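The values are calculated or read from the model by the stated rules, or taken from the named source; none is laboratory data. In this text, all values refer to a predicted model and were calculated from it rather than measured experimentally. Neighbour counts run over all protein chains shown; Cβ positions are idealised from the backbone, glycine included.
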Amino acid sequence: MNGYLRIDHQSEVPKYKQVVELIVSDIESGIFKQGQRIPSINETSEELLLSRDTVEKAYVFLRKKGILSSVRGKGYYVEECNVGRQIKVALIFNKLSNYKRSIYYSFIETLGNKAIVDVFIYNYDLQQFKSIIDNHVSKYDYYVILPHFKNENSDVAAVIQTIPREKVLLVDRNLETLKDYPIVYQEYEKDIQSALEEGIKLVRKYRKINLIFPSDQYYSKYIIRGFRIFCQVNEMKFAVIDQLSSHDVRKGEAYVIVSDDDLYRFIKICRLEKWKLGTDVGVVAYNDNPVKEILEDGITTISTNHDEIGRVAAEMILTKNFRRIKSPFRFIRRNSL
């Protein structure tokens, strides 16, 4: 167990029941395994700053439930690991978006009725994120975190490290300062390079390729780096545009568009000019979704599989097989390029 901070002394829940929940949580998360001896009543009493009678009441309760067994003179042991309690998961997003919804729905569908999932939004703000962690650090079995912040150099790792490590699963963005943590991640710089390489013959139809990258929306700057490397390696004329306007849209050029709002604005401009996507101008949208499959006879995309990210993250929790997995990223050809 992880110390006195896990007991809420102001709670109306009896303290012995809180001890029961702590032990069950540790069994569910794999801290205590079947047949393993757990800390003695005296050890737990001292660690949690509780009376010996309170802890003993919790241990006896768990023994009667068949979760613990006891051996006279030796202590208490884990008898049953599958205790039937729903796993409690905090899913912590930087924002809501189409692809975050895809991750969420796939995640909860895979977990099914084996877990209760609460969603928190911190709006890219480190202080909001810290507040969420501080206020809920003892309440969940797992914390699934998508770590995207306004300041990419902020000390996010220090906040995440306040959570017991065995409870943390990172998703989407790889943090160099947390190299040993389990994660399902995208590799933004290399992903955009490899995906555009798949469509290089189509991209070369155009005299110039432009990346529409709104800096005020906190997308990963590694997307820009990867785009520039792709263009330089392939000796292509290119530009990075912050705020899209009608003057930026030119016939005979291709556009990689990160924001859906910019994509819809771009299409509106092309309609006014009566330009055909895939002929007069080329478009590649970042992050696929069902709308892009049918919009304007199909929008070409470069994207990871967000459903797969949610599924893999959920399966790690269900199987307790935590590891580091790179999410595949691909070029999806449609009629806009």
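Every condition in (1) within 27 Å of R311 (Cα to Cα); (2) small (G, A, S); (3) in a loop (DSSP other than H, G, I, E, B) is met by A90 except one, and the failing one is (3).
Of the residues making up region 273-321, those that are among the hydroxyl-bearing types (S, T, Y) and in a strand (DSSP E or B) are Y286, T300, T301, S303, T304. Pairing each residue of region 144-163 that is not assigned by TED's automatic domain parsing to the domain that holds Q127 with any residue that is aromatic (F, W, Y) and modelled with pLDDT under 90, provided the two are 6+ apart or on different chains, yields no C-beta distance under 8 Å. For region 93-113, the set of residues classified as under 21 Å from I309 (Cβ atoms) and exposed (fewer than 14 other Cβ atoms within 10 Å of the Cβ) consists of K95, L96, Y105, E109, G112, listed by residue number. Scanning region 160-198 for residues that are closer than 18 Å to D141 by Cα and either part of a strand (DSSP E or B) or of a type in the set (G, A, S) (or both) returns V168, L169, L170, V171, I183. Within region 231-280, being among the β-branched types (V, I, T) and in contact (Cβ under 8 Å) with a residue 60 or more places away in the chain holds for one residue alone: V256.
Within region 39-62, being in a loop (DSSP other than H, G, I, E, B) and within 18 Å of G73 (Cα to Cα) holds for P39, S40. Scanning region 271-291 for residues that are surrounded by 17 or more Cβ atoms within 10 Å (Cβ to Cβ) and either out of contact with any Lys or Arg (no Cβ under 8 Å at 6 or more places or on another chain) or in the same structural domain as K100 (by TED's automatic domain parsing) (or both) turns up L277, G278, V283, V284, Y286, N287, D288, N289.
All conditions in (1) closer than 30 Å to D172 by Cβ; (2) in a helix (DSSP H, G or I) hold for Q18, with the sole exception of (1).
Only one of the numbered conditions (1) more than 28 Å from R250 (Cα to Cα); (2) out of contact with any Phe, Trp or Tyr (no Cβ under 9 Å at 6 or more places or on another chain); (3) not β-branched (V, I, T) is not met by R207, and that is (1). Applying the condition of being part of a loop (DSSP other than H, G, I, E, B) and polar (S, T, N, Q) to region 93-118 and asking which residue is nearest to K167 (Cα to Cα) yields N94. For a quick check of your reading: which strands (runs of 3 or more DSSP E) sit entirely within region 199-259 and have at least 3 residues that are under 26 Å from K100 (Cα atoms) and at pLDDT 95 or above? Those strands (runs of 3 or more DSSP E) span 208-212, 253-257.
For region 178-217, the set of residues classified as surrounded by fewer than 17 Cβ atoms within 10 Å (Cβ to Cβ) and either under 26 Å from I160 (Cα atoms) or assigned by TED's automatic domain parsing to the domain that holds V159 (or both) consists of K179, D180, K190, S215, D216, Q217, listed by residue number.
Condition test on S245, is it of a type in the set (G, A, S) and in contact with a Pro (Cβ under 9 Å, 6 or more places away or on another chain)? Answer is no for this residue.
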